[in-house]
């Protein structure tokens, strides 16, 4: 049984809507707007002033926040900035030395 042209169009539209609903969650992964810059591995390496191989290593260890678009690894700037803040170390407070030792400095 062959479909008529108008039935075929209705059928295609119905399939298109079902597929669109099924995959729409994938597109939520892609940030929009100026506040959500997305880095490639190369961009992130430049941003962090490190080698690309270091970035790949962190991804393989799952030590850095990332997401994938198919085979492509991407990084949200906002998540990277939070990751930097979380992994930042505060300097040790200046140690108070006894006055006798301070005299020698």
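Answer with yes or no whether residue 79 is without any contact (Cβ under 8 Å) to a residue 40 or more places away in the chain and either under 10 Å from the mean Cα position of the chain (by Cα) or in a strand (DSSP E or B) (or both). Here the answer is yes, as residue 79 does meet what is asked. Just one residue in the set 64, 30 is in a loop (DSSP other than H, G, I, E, B) and either modelled with pLDDT under 95 or in contact with a strand residue (DSSP E or B) (Cβ under 7 Å, 6 or more places away or on another chain) (or both); that residue is 30.
Within segment 45-61, which residues are assigned to a loop (DSSP other than H, G, I, E, B) and in contact with a helix residue (DSSP H, G or I) (Cβ under 8 Å, 6 or more places away or on another chain)?
Result: 51, single match.
The values are calculated or read from the model by the stated rules, or taken from the named source; none is laboratory data. Quick caveat: nothing in here was measured; it's all calculated off a predicted structure. A quick note on method: Cβ atoms are made from the backbone with ideal geometry, for glycine too, and the neighbour counts reach across all protein chains shown.
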